[in-house]
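The values are calculated or read from the model by the stated rules, or taken from the named source; none is laboratory data. Please read these numbers as outputs of a predicted model, since none were measured by experiment. Quick reminder, even Gly has a Cβ in these numbers, built from the backbone with ideal geometry, and neighbours come from all protein chains shown. Keep in mind that these areas ignore ligands, DNA and RNA; they rest on the heavy atoms of the full protein, side chains included. Shrake-Rupley method; radii C 1.70, N 1.55, O 1.52, S 1.80 Å.
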Amino acid sequence: MKAVSEGFKVVLTAEGATASDTLGATVAGFISALPDSYIKPLIARTYFRVKSRNGIAERAPYGLAKVEASLVAKGVVSRDEVAIASPYELDKVIGPNTRVLGIYVMDPLGLSFGSGIVYWILKLAGLPYRGIPFIARSFLEIFTNPAVKAHRSHMKIVVGGPATWQLTDTGYHRKLGVDVVYEGEFESLGPSVFSRLLRGEPLPPVVSAPPAKPEDIATILTPSNGGLVEVTRGCGRGCAFCTPALSGAIKSLPFEGHIDQEIRVNIGRGGMKDIDLHSDEFFRYGAKGIEPNPEKVIELTRKAYKLVKSYGDEHTISTNFTTAAVAAYKPKMVEEVAQYINEGGRRTFIEMGIETGSPRLLRKLMPGKALPYTPEQYPEVVEQAIGILNDNGWVVVGTMILNLPGETEDDVVYDLELLDRIKKLRVITFPLPFIPMGALRHTYFTILNKMLLDPVRGRFILEALSKAFSEAAADMDMAVEKMENPLAKIIIGRLGKTLASMLVKRYEEAMRELASRRLKVPEVSESYTTLRTAVY
């Protein structure tokens with residue numbers, strides 16, 4: 001390994017909030033969307049810790065781990081020439097030998113769904129919003145890091161990840177002096193881009209890459225935050241606003257020689273107790289099209305379960321994403337999978353992009369969302385699917401997008417009706433502002449305050465948030481379950497439950513005010529206004 005003073009040839013890092021495993025519970029990273037005025041430096045370094053040794057992260061965001069693996073597998077660099085680094089200790093890994101700094105971004109300018117919903121959460125609770133989202137601040141701090149500034153003259157900066165559009169669409173990549181913005185799946189063009197940079201060859205400021213071939217996807221070398229192990233990529237349902245839709249049809253990765261290796265890395269080297277089988281639609285693992293393949297899904301689950309249990313009975317498996325359609329379509333498959341994931345009465349979260357209750361918007365913007373059902377059947381499908389998942393131990397985190405292109409008041413009424421259908425189910429209903437991603441890039445942005453002041457949309461946001469935090473208060477123990485520090489688990493769990501209950505009361509008051517048309521929305525901070533209006 002290179003001497004610390006020389007630095008690694010390639011250094012990979014991420015925003016502090018993205019690089020962190022948030023005390024072992026990645027779901028707790030949600031608070032990174034809070035404005036930086038709420039998160040002081042001491043809190044940031046404690047809560048958004050990055051476990052490291054000599055500046056090298058012991059666990060990494062899954063995307064960065066994949067980049068490292070791909071560079072080594074393709075022979076771009078040797079294992080001892082690349083380091084995934086803690087953003088807090090870049091001085092220990094960047095030096096005269098460093099030629100490329102790769103930065104992975106999830107929300108570099110605070111323009112994501114998450115930052116938008118946190119803005120709504122605070123404003124509707126009557127809480128102040130000062131500054132910019134902490135996750136955006138942690139990204140900008142990489143560029144002012146003394147080690148980065150000291151070695152900038154001989155080092156190229158590449159930024160990649162699912163939120164690079166925030167930089168290119170605003171022009172911030174030029175303001176920050178980013179040499180290359182890499183958009184798309186890394187395995188397809190990423191290794192050649194890094195090779196050319198290391199050879200000193202010129203590259204365009206933005207590289208757009210096609211989907212990767214499954215055989216080019218390397219297995220991780222560094223354990224991933226949250227014990228994440230990718231089992232599929234893409235989904236093929238064709239939602240116009242969704243970044244994963246750009247990956248095309250669903251691609252399932254083999255268990256032997258791939259998924260099993262990543263499980264072993266996460267448990268053996270990372271010390272993870274839970275393995276999160278990551279997918280854009282888990283219950284379609286092994287599918288060739290929209291039609292699921294229950295036999296393949298159950299086989300994957302059984303093999304993963306058997307492998308993790310070989311390390312000890314305390315080890316578990318989880319999964320993170322589903323659609324309503326597949327859960328409603330194959331309830332028996334869901335039940336059989338739950339016998340492994342949620343054995344013994346265990347409860348886990350699973351995310352579901354509900355998106356809308358409007359058949360018209362479904363047909364226009366997400367033609368495959370309801371398949372094999374029709375858009376008109378979709379509200380009933382959502383209700384049935386959440387009920388099936390609840391019965392099998394899952395609490396659903398259901399997202400619904402507001403202000404989709406062409407949305408009318410009638411469409412929002414459909415959303416309200418769907419919200420009413422599922423209000424008694426175990427579902428955390430997060431309303432999300434429309435963000436122009438996927439095929440809808442370069443369209444308009446949702447104006448957050450305008451949505452709050454609209455009577456129908458404002459009512460939907462309030463009702464959805466009230467339901468979300470009522471459920472969150474009841475499920476806070478699940479949210480902090482994976483935290484590795486017992487004291488932190490107790491303190492953050494109690495604090496979270498108290499805050500969630502407080503927010504519910506505030507939203508109930510706000511709904512009464514909205515009904516009487518007396519709801520006032522405080523002005524947004526100047527700094528955040530400046531950041532967001534750069535793309536309006």
I'm trying to understand the selection: among the residues of region 180-194, which are assigned to a helix (DSSP H, G or I) and either touching a residue at least 60 places away in the same chain (Cβ under 8 Å) or open to solvent by 30 Å² or more (accessible area, probe 1.4 Å) (or both)?
F186, E187, S188, L189, G190, P191, S192, F194
Give R152, R174 a once-over and let me know the one that is over 23 Å from K92 (Cβ atoms) and either modelled with pLDDT of 95 or more or out of contact with any helix residue (DSSP H, G or I) (no Cβ under 8 Å at 6 or more places or on another chain) (or both).
R174
Can you say whether E201 is under 21 Å from A73 (Cβ atoms) and either surrounded by 22 or more Cβ atoms within 10 Å (Cβ to Cβ) or of a type outside the set (K, R) (or both), as far as the supplied structure shows?
no
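Would region 409-424 turn up any residue that is of a type in the set (V, I, T), surrounded by fewer than 16 Cβ atoms within 10 Å (Cβ to Cβ) and touching a residue at least 24 places away in the same chain (Cβ under 8 Å)?
Yes, region 409-424 contains a residue that is of a type in the set (V, I, T), surrounded by fewer than 16 Cβ atoms within 10 Å (Cβ to Cβ) and touching a residue at least 24 places away in the same chain (Cβ under 8 Å).
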Per-region count, region 283-298, residues in contact (Cβ under 8 Å) with a residue 12 or more places away in the chain, part of a helix (DSSP H, G or I) and surrounded by fewer than 15 Cβ atoms within 10 Å (Cβ to Cβ):
0
Which of the residues that make up region 319-345 are of a type in the set (S, T, Y), farther than 26 Å from T374 by Cα and open to solvent by 10 Å² or more (accessible area, probe 1.4 Å)?
Y340
